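Inspection log for the structure reproduced underneath, given as structure tokens.
The values are calculated or read from the model by the stated rules, or taken from the named source; none is laboratory data. All figures in this text were calculated on a predicted structure; none of them were measured in a lab. Because the Cβ atoms are built from the backbone with ideal geometry, glycine has one as well, and the counts that use them run over all protein chains shown.
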Amino acid sequence: MAIVSIPPRTMSLRFSRTDLAFALCFCFVACTARAQQAQQGVAHGAANWWFSIAVLALGIALVFSLRSARLLAHRVRLDAIVQSAMDAIITVDEQQRIVLFNAAAEQMFRCSKANAVGRPLDVFIPQRFRGAHHKHVEQFARTGSTARRMGLQSTLKALRADGTEFPIEASISHARVGGAKLFTVILRDISERVGAALELEDEREKVRAGERRLDAIVQSAMDAIITVDSGQRVVLFNAAAEKMFGCGAAQAVGGLLDRFIPLRLRAEHHAHVERFARTGETSRRMGVRSVLTALRADGTEFPIEASISQAVVGGQKLLTVILHDITLRTRAQEEVARTNDELRELSLAMIEVREAERTRIARELHDELGQVLTALKMDVELFNARIPAERTDLVDHAAAMNRLLDSTVATTRRIASDLRPLVLDDLGLNAAAEWLLDGLAQRAGITFKLDIGSSCADVGEPQASTLFRVMQESLTNVARHAHASHVVVRLRCEDGDAVLTVADNGVGINPDARAKPGSFGLRGIRERVLLLGGTLNVERNQDGGTTVLARLPMPAATGGEGA
């Protein structure tokens, strides 16, 4: 946009060809009319020629008035445009003194028109730029160009009346008016634009810094990070991925992710990724139900765990997987599982040996020691019968021996029963459970209810011993800690499992009691159940009391439930 503004003193009244033609036509019409009057006999001699001259002068005066009116209207319109322009417009003469200063310039430079007109333009240019500005205007005047944009290679600076600098963009034009060369500059304050550009550049620099930090994090991550596009072509392959797959990023980027997936798993992988992309979820762990397998560049397979995420960047959907090589963990887990299996087999063998040894000792206590004590008791009775009546001291001594023998026999039977109740081997689990509950009722005064399904009465070893030990430990805890008045023991065979429930109405187990140091009762029976492939849960009831629930898989020969 170039506007050449014309100051009042430079306005010219030279006539155009149109104005002269209009004046001549006016005179011709007037003279023609006068000639017709002369032909009609209206003649006044020399007066007619003076009339013609007057008409010509009048025509010239009329043209002059019309020309002046047009120039005035043009100037008013131009001045209105200049004053209403949103950009600052300044016109200077050849000495670069201001001859026009519009309203926008007043607002931009915070200087009134009265204070600006007549002053050199330098007052609105920072000191360090004035020399360069003068040279630029002089070079522009010599080029012959009518208009040019200024500051193409750098941002221009202007100076307000209060001394503050601000950035501008400008265009310059020149024209010769009334013999004088005038230069007009149109200025626009770009402070907001420059500020916005600086803010935008700051934001871009922050984004670039964030990208650099993210790239550093990605490249220094210990886990492999791979990003693919919607066609599952690799667009990012970090250093850990290079090490994990034995493949450089230059070789991986641009290629399909399939090269790192075993052939038999590729179709399943594609389907999984497509389903994930459709869900709209931002992230998900992969391989929750099974171990994932990846393929190295040399063709070897290895186990991994992975998570996948998706994001839209620049209108393109990108999917990122984070992979962790779990080869060592898998080997360790396999080794731990193998060791645990060996320990369980060893523990089971030790339990079986211990139960066998307990049975043997119980049998010896019952049979051999019991027989010896019985024979000794018979001898004491015989000795007591032969003591003379007057030997009261011997009678009292024999009675004391008899009482000691009775106590020893009872202790022997109790020890034998604690080691291995012969009733379990001789009469089965049902009778052994009744024997336990009868003993509990006698010692602690706790009432009981026993409910054993008929199909569970003939449970064989080692399940029978394990179920008996669970009942024994549970009832011991009831007697010692529960403060209960009633206990229910129930045994059922369900879906091939023996399910034992021991429930009391006591105060309930303390949750901290299970982790109490030196408390091996519950731990011991839980381990025995686990060794047979079962489970054991100990829960506190909502209405008080404790329930012990043991579930043991039974041999295939055991039938279904029979109430």
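A few comments on the model shown:
- Qualifying residue in the range 276-296 (condition: loosely packed, with under 10 Cβ neighbours inside 10 Å, among the basic types (Lys, Arg) and in the same structural domain as Gly231 (by TED's automatic domain parsing)): yes
- Residue check for Ala399: modelled with pLDDT of 80 or more, in a helix (DSSP H, G or I) and at negative phi: yes
- Leu328 out of contact with any Lys or Arg (no Cβ under 8 Å at 6 or more places or on another chain), modelled with pLDDT under 85 and either small (Gly, Ala, Ser) or in a helix (DSSP H, G or I) (or both): no
- Filter result for Ala356 (exposed (fewer than 10 other Cβ atoms within 10 Å of the Cβ) and among the aliphatic types (A, V, I, L, M)): no
- One residue stands out in the range 453-480 among those that are over 18 Å from Val529 (Cβ atoms) and either under 56 Å from the mean Cα position of the chain (by Cα) or not acidic (Asp, Glu) (or both): the one that is surrounded by the most Cβ atoms within 10 Å (Cβ to Cβ), namely Val478.
- Selection count where residues are modelled with pLDDT under 80 and more than 21 Å from Gly246 (Cβ to Cβ), scope the range 280-313: 11
- Check on Ser230, outside any strand (DSSP E or B) and touching a residue at least 24 places away in the same chain (Cβ under 8 Å): yes
- Considering the range 414-452, the residues that are assigned to a strand (DSSP E or B) and within 58 Å of the chain's Cα centre (by Cα) include one that is farthest from Asp497 (Cα to Cα), namely Phe448.
- The residues of the range 118-143 that are surrounded by fewer than 16 Cβ atoms within 10 Å (Cβ to Cβ) and either among the β-branched types (Val, Ile, Thr) or in contact (Cβ under 8 Å) with a residue 60 or more places away in the chain (or both), listed by number, are Val123, Thr143.
- Among the residues here, Arg264 qualifies as part of a helix (DSSP H, G or I) and either of a type outside the set (Phe, Trp, Tyr) or surrounded by 11 or more Cβ atoms within 10 Å (Cβ to Cβ) (or both).
- For the range 432-479, a residue qualifies if it is small (Gly, Ala, Ser) and farther than 25 Å from Glu345 by Cβ, and the qualifying residues are Ala432, Ala433, Gly439, Ala441, Ala444, Gly445, Gly453, Ser454, Ser455, Ala457, Ser474, Ala479.
- Residue count, the range 238-289 (criterion: on the phi > 0 side of the Ramachandran plot, over 26 Å from the mean Cα position of the chain (by Cα) and without any contact (Cβ under 8 Å) to a residue 40 or more places away in the chain): 1
- Only one of the numbered conditions (1) among the hydrophobic types (A, V, I, L, M, F, W, C); (2) surrounded by fewer than 18 Cβ atoms within 10 Å (Cβ to Cβ); (3) more than 30 Å from Cys111 (Cα to Cα) is not met by Phe237, and that is (2).
- Whichever residue in the range 171-213 is without any contact (Cβ under 8 Å) to a residue 60 or more places away in the chain and touching an Asp or Glu at 6+ places or on another chain (Cβ under 9 Å) and, among such residues, is farthest from Lys113 (Cα to Cα): Arg193
- Failed item, numbered, when His272 is tested on (1) surrounded by fewer than 17 Cβ atoms within 10 Å (Cβ to Cβ); (2) in a loop (DSSP other than H, G, I, E, B): (2)
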